[in-house]
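Have a look at the structure below, then the notes.
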């Protein structure tokens, strides 16, 4: 059984990132004191709370691989949300050390700080990438064997292994979330950002990696964090693994058409061809979300709606920036 | 599909260990040129082949975390057998860095050498420890989610994640083996060595961790290596995960009684109590071996027979050593 909650701050690594800053805000809104840790390499300081919102908030600018800079903040903490990660999945293929360092070794340091300070609860952002290309759709948490295709996914699985071992060996309670594609304000990578950037460079042609049939689920950042909170409130095992996604998926072709429409509708699509967009890519992804559904969390937006809302946000932000 | 084999040497990390030296011998017996890499911290030089047996054998004394010492040996190699590991599962709990370094980081270096030299086949010794305490017995390879209980198991899962990602990202073929308890000549750790050492210190009382009901499968080293060779000859996927064990299990109590009988039969057993022998221990283990069975490999000895044979070997060796 999970130990009782204790009062105390929440530590959020990657707290200046897209998902991390949404988590910081949601925890503050619950009245929890929050300390964010972020290297500001992928994250951005403007994502952090300011003004009245920042009364119970503190920030440590540090890479999570440098625990001496932040380990004292773990003293008395009630929970860790370890969300820091390499946000660029494709980069791992050309530089295999990136995900070892930013994924596995970084997670080791955060787990060690949690262990030394007896922090009772550990939230970890894993990924649907741990499944690789499964043979079962929608894919349940019980699927195996896990064969990640990207180094990013390989090191997410590596971190899951360490998190489970720490939970069982040292008595912390773990919440592990296998995310679908998470999209929303503040994101710096992913298919939508890619497409907008490409159209800015060449408004006549949108190059799409693969054949356009790749189809995945997309979940908004705020809904993702809400799912994590529901799991933290209601799950009772020592290690709690949950998929977080939607019940539908949307193809790359549909996304490309939506982005082109938002951009004036004049570009043609040029597919590079092939079933897989890039080395390490998983062409089909649809997660079973019954397990978190039994705890009462259900996504409000479909993948298509999440994509629409995010496209509108990006288009508006880029208009303002001109 | 798996790429065609290529001719060339096999590299065996941990080649001076109990399983590694059995692998070296089996590969040499097939006419394969073998290069063993071992730090000689856990492994022993006397386990390595000598005399006529050593004609096609070479040895590099190096920790696998120091790839500069051995990476050139990967040039032209046909396959890697990455068997080096921390042999002392319990040590990880008191020193969490051991399995990170000797498990995950070491495996990263070996994978990197394999990638740089385009070595087509990668054999990896994982462990039943990746399952933690499963809810299904016998446990199939498809079981999930994986919740290792020991740091050793956590880092075996971590390495599995990296191995699968390298296979899918860089085109090597992977053979991943989840071992039951492997016993045989040359082993330096485990329940049998523990019990013999305890009886040497105190011939009247054998302290047994736990309540004696913990029950696991035991497979002999030579049978284990034979299973790996069968998988390498006949499995055809990009990533091939196989359990290797027996279809029966034997309790700690039965093992204790057998060791006491071999030691003169005078000691009484003192149980420390509890369902779990030590932090990170998995009290029940029985692997489904149908998958490797379909390829034609079946263990010849039961767990009880494997224990009996190994007890006789240890008792004989200790008589000679007196």
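Throughout, read-outs are computed from the coordinates displayed, never taken from laboratory work. In this text the structure is predicted, and so the values were computed from the model without any measurement. Every residue, glycine as well, gets a Cβ built from its backbone with ideal geometry; the counts of neighbours run over all protein chains shown.
Averaged over peptide B:235-243, the number of partner chain Cβ atoms lying within 10 Å of each residue's Cβ comes to 2. Each of B:247, A:173, B:188 was scored by other Cβ atoms within 10 Å of its Cβ. Listed from fewest to most, they are B:188, B:247, A:173. The angle separating the long axis of helix B:303-321 from the principal Cα axis of greatest extent in chain B is about 80 degrees.
Spatially, the range B:5-42 and the range B:281-322 are offset by 21 Å when compared through their Cα centroids.
A Stokes-Einstein calculation at 4 °C with viscosity 1.567 mPa s, built on the Kirkwood radius of the protein assembly as shown over Cα pairs, returns a diffusion coefficient of 50 µm²/s.
Note on residue A:284 and residue B:189: with the Förster distance fixed at 56 Å, the Cβ-Cβ geometry gives a FRET efficiency of about 0.80. Per-residue shielding of A:166-173, expressed as the average number of other chain Cβ atoms within 10 Å of the residue Cβ, stands at 5.
Spin-label model, residue A:236 to residue A:118: label points 7 Å out along the Cα-to-beta-carbon direction sit 2.5 nm apart.
Computed over chain A with a Gaussian network model linking Cα atoms closer than 10 Å, the most mobile of A:304, A:261, A:180 is A:261.
Could you give the angle, 0 to 90 degrees to the nearest 10, between helix A:221-234's Cα long axis and the longest principal axis of the Cα atoms of chain A? For A:221-234 against chain A, the angle is about 30 degrees.
Remind me, relative contact order of chain B in percent, using alpha carbon pairs under 8 angstrom and six or more residues apart?
Working: 670 pairs, mean separation 58.4, N = 322.
Once divided by the residue count of chain B, the mean separation gives 18 percent.
In chain B, what is the volume of the convex hull around the alpha carbon atoms, normalised per residue and reported in Å³? Kindly include the intermediate steps, with their values, before the conclusion.
Numbers: hull volume 40.7 nm³, N = 322.
With only Cα atoms used, chain B gives 126 Å³ per residue.
Cα-based radius of gyration for the range B:13-119, normalised by 2.2 N^0.38 Å, reads 1.06. With 0.36 nm allotted per residue and the present C-alpha distance subtracted, the residue A:321-residue A:6 stretch has 109.0 nm of extension available. Once both labels are positioned 7 Å from their Cα atoms along Cα-to-Cβ, the gap between residue B:65 and residue B:248 label points is 4.2 nm. Exposure proxy for B:218, B:70, A:143: other Cβ atoms within 10 Å of each Cβ, ordered fewest to most, give B:70, A:143, B:218.
What FRET efficiency do you get for residue A:305 and residue A:95 if R0 is 35 Å and r is their Cβ-Cβ distance, rounded to the nearest 0.05?
Values: r = 35 Å, r/R0 = 1.01.
Efficiency at R0 = 35 Å is approximately 0.50.
For the protein assembly as shown, what proportion of DSSP beta bridges, expressed in % and rounded to the nearest 5, is antiparallel? Could the numbers behind the result be given before it?
On the way: 6 of 84 bridges.
Once the DSSP bridges in the protein assembly as shown are tallied, antiparallel ones form about 5 percent.
Taking every residue in A:102-112, how many Cβ atoms of other protein chains lie within 10 Å of its Cβ, on average? Don't skip to the answer; put the middle values down first.
Numbers: counts 0, 3, 8, 4, 0, 2, 11, 1, 0, 4, 3.
Per-residue shielding by partner chains comes out at 3.
Quick one: label points 7 angstrom along Cα→Cβ at residue A:308, distances to the other copies in nm, smallest first? So the distances to the same position in the other copies read 7.2 nm. In the assembly of identical copies, residue A:278 has its label point, taken 7 Å from Cα in the direction of the beta carbon, separated from the corresponding points by 4.5 nm (ascending, one decimal).
The GNM of chain A, with springs linking C-alpha atoms under 10 angstrom apart, assigns the highest mean-square fluctuation among A:220, A:56, A:121 to A:56. The alpha carbons of the range B:93-158 occupy a box of 41, 31, 15 Å along the principal axes, longest dimension given first.
The calculated FRET efficiency for residue B:261 paired with residue A:72, based on their beta-carbon distance and R0 = 60 Å, is about 0.60. Annotation for residue B:171, label-to-label distances across the other copies: 5.2 nm (shortest first, one decimal, point 7 Å from Cα along Cα→Cβ).
Taking other C-beta atoms within 10 Å as the exposure proxy, B:228, B:162 rank B:228, B:162 from fewest upward.
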